[in-house]
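Read the structure below first, then the notes.
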Amino acid sequence: MVDATPILEVKDLKKHFPVRKGLLRRTVGQVHAVDGISFSIGEGETLGLVGESGCGKSTAGRAVLRLIEPTAGSVRMAGQDITHLPKKALRPYRRQMQIVFQDPFSSLNPRMTVGDIVGEPLFVHGLAKARERREQVAALFERVGLRPAQMANYPHQFSGGQRQRIGIARALALGPKLIVGDEPVSALDVSIQAQVINLLQDLQRERRLSYLFISHNLAVVEHISHRIAVMYLGRIVEYADTRSIFVRPQHPYTEALLSAVPVPDPTVKRQKRILEGDVPSPVNPPAGCHFHTRCPYAKAHCKVEAPPLREIAPGHHVSCHLR
Amino acid sequence: MTPQLQVENLGTWFYTRHGIVKAVDGVDFHVAAGETLAIVGESGCGKSMTALSLMRLIPDPPGRIVSGAVKLGGRDLLKISEEEMRKVRGNEISMIFQEPMTSLNPVMTIGKQIAEALILHRDMNRQQALKRAVEMLDLVRIPEPAQRAREYPHQLSGGMRQRAMIAMALACNPKVLVADEPTTALDVTIQAQILDLIVELQREFKAAVILITHDLGVVAETAHRVIVMYAGRKVEEAAVGPLFAKPLHPYTAGLMKSIPRLELMRGEERRQTERLQEIPGIVPPLFALPAGCAFAPRCPKADDLCRRERPTYEEKQSGHWAACWHTDG
């Protein structure tokens, strides 16, 4: 199902934020939030983007959609380079890519009815007259498991799970090909989380949707993704299909990340590889391999030279000198 | 094992304009020294309110502890005066919170915050207390503890702040440690460090730990015994092994089936198309609970009896309690 022309193809994407200080707001440094990442997503495929806070996964998701402008690199939607398209030319591509946010409380306008919220993309893109729009919104409501009668209500009248359904309906309104989910189930209770994950998977099968699923929750990512990219301090350290990542992790960071996940089964006794220390600041990331400060296997030249992302087995990419 | 802490029929109600909200409704439990009791449940189930009730930190008004007893060292903490309670809090029973940034004082150095408890409860002078504070920071494995003791909370990372919280909580060697979602705000690799630390320090200090969490993975790896709460009440209680092997309450069973279980990592096969099992619906608002079992509207086994009458909480198997009419089926 992969390749042909991927829905999304990202090459050497970088996003640096200037650090300004002092009276003249002079730039004194750069936050290397995303520091040259490449990946692709095929039709009907889910790529899980995992990593800990500050690794740049959310920034990557936003830069892909050009919600923030990338510093360098390229983003292709269905073969077309959209990295430098002016606003107007970008619009048709915007219809094909949507985002679902983590926080269902702050991502919905509290002063709009939820029917208007879901219908707004149709209105903005001038795709349907008022009456048609109501019908389409009603259909979307049904599809995501809400009652069309609730269209006149306001966001505060809904529970967290229902609000996330509203966010999904809004993302679906324009019939996108790609949905970026930025921690879409992280704020939900587990019983509700399952409902939303199932909905996302059903929608994917029905509409051949592609997902860029950004999350720190490895259990959820394992469940939903076909392939996974693991990020650490702005770079992808490992990139492979889900099975390879979980069965034969190659990068020491992936290994540690997996061993740190608490498994909900008391009969499983695992040897934990507990990492020392914290993630270094992305303002002055360590030289060489970003991970060497916490890596139990680090050698001298890991501190000097950054390892490239190499394909060590078909489809399995790792950036580590020791593999 | 004699229980270190014994909680009986605890009731904490909130008086709101929607009516009375029974956040904690008749909860009993006990914890022994060196034991970890996990209280699990989803938002609004009353687990955090139970923890705050033990500490007598319920905001009053609107909340009030309306019934029950919290027995620690032969005393009922709900009966003693506020002045006496202050001598107990942070000394015999202490608490760590989810968000260390909001529970630490931002304008006071870490060292002084830890020392405060020692000066208050252990009659130490400033110098002794500060020295002990540095020792505590070392114990929770903060590198360069003497240096860190002079720093402010914002200068520490999230994991470090949680370590400092733990150092503070354990400074007076409490009998009971209440940990309310201690790792929820942390990244997984940091979570592993903190859980590891709590387990290790518990062994050393022999404290009874009450771990409040929503994460079944954390429960499976750290708890000895588990209480599952739903809508302010206990619905199930057992040792961690039997609870995960054979949950008796449909809510517990539903929770366990609704989480992805990391099959691949555990060397099991998985079908790509597998769906998670959902628990339909949402938790009912606490001021409008159904007449019978609170879980009945979402329960696959519910019948007329469940909707009419609240199930009794009883010992279904040795050491395994549940509140359900249909545990045999």
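Things to note:
- The set of residues from region A:277-319 being crowded, with 17+ Cβ neighbours inside 10 Å and touching a strand residue (DSSP E or B) at 6+ places or on another chain (Cβ under 7 Å) comprises A:Pro282, A:Pro285, A:His290, A:Phe291, A:Leu309, A:His316, A:His317, A:Val318, A:Ser319.
- Region B:266-309, residues that are under 28 Å from the mean Cα position of the chain (by Cα) and under 19 Å from A:Val263 (Cα atoms): B:Arg266, B:Leu276, B:Gln277
- All positions within region A:177-198 that are buried (at least 19 other Cβ atoms within 10 Å of the Cβ) and part of a helix (DSSP H, G or I): A:Val190, A:Ser191, A:Ile192, A:Gln193, A:Ala194, A:Gln195, A:Val196, A:Ile197
- Single residue of region A:233-251 satisfying the filter (within 10 Å of another protein chain (Cβ to nearest Cβ) and not in a loop (DSSP other than H, G, I, E, B)) that is nearest to the chain's Cα centre (by Cα): A:Thr242
- Considering (1) polar (S, T, N, Q); (2) buried (at least 17 other Cβ atoms within 10 Å of the Cβ); (3) more than 19 Å from A:Val196 (Cα to Cα), the lone condition that A:Asn153 does not fulfil carries the number (2).
- The single condition among (1) surrounded by 13 or more Cβ atoms within 10 Å (Cβ to Cβ); (2) out of contact with any helix residue (DSSP H, G or I) (no Cβ under 7 Å at 6 or more places or on another chain); (3) not in a loop (DSSP other than H, G, I, E, B) that B:Arg307 does not satisfy is (2).
- Candidates B:Ala253, B:Ala223, B:Ala288, B:Ala239 - the one that is of a type in the set (Gly, Ala, Ser) and buried (at least 22 other Cβ atoms within 10 Å of the Cβ): B:Ala223
- Of the residues making up region B:158-191, those that are more than 30 Å from B:Lys71 (Cβ to Cβ) and either more than 14 Å from every other protein chain (Cβ to nearest Cβ) or among the polar types (S, T, N, Q) (or both) are B:Thr189, B:Gln191.
- Residue-level check: of (1) over 26 Å from the mean Cα position of the chain (by Cα); (2) not in a helix (DSSP H, G or I), A:Gly145 misses just (1).
- For A:Thr254, the conditions (1) surrounded by 14 or more Cβ atoms within 10 Å (Cβ to Cβ); (2) part of a loop (DSSP other than H, G, I, E, B); (3) touching a strand residue (DSSP E or B) at 6+ places or on another chain (Cβ under 9 Å) all hold with the exception of (2).
- With respect to being in a helix (DSSP H, G or I), more than 9 Å from chain B (Cβ to nearest Cβ) and either over 18 Å from A:Gln102 (Cα atoms) or modelled with pLDDT of 95 or more (or both), A:Leu212 falls outside the description.
Here is a yes/no grid of residues against (1) in a loop (DSSP other than H, G, I, E, B); (2) more than 8 Å from chain A (Cβ to nearest Cβ); (3) among the hydrophobic types (A, V, I, L, M, F, W, C):
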| site | (1), (2), (3) |
| --- | --- |
| B:Pro260 | yes, no, no |
| B:Gln277 | yes, no, no |
| B:Gly281 | yes, yes, no |
| B:Phe287 | no, yes, yes |
| B:Pro290 | yes, yes, no |
| B:Cys293 | yes, yes, yes |
| B:Pro297 | no, yes, no |
| B:Pro300 | yes, yes, no |
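- Check on A:Val230, among the β-branched types (Val, Ile, Thr), within 14 Å of chain B (Cβ to nearest Cβ), closer than 23 Å to B:Leu264 by Cβ and in a helix (DSSP H, G or I): no
The values are calculated or read from the model by the stated rules, or taken from the named source; none is laboratory data. Since the structure is predicted, the reported quantities are computational estimates derived from the model, not experimental observations. All Cβ positions, even for glycine, are placed from backbone atoms using ideal geometry, and neighbour counts span all protein chains on display.
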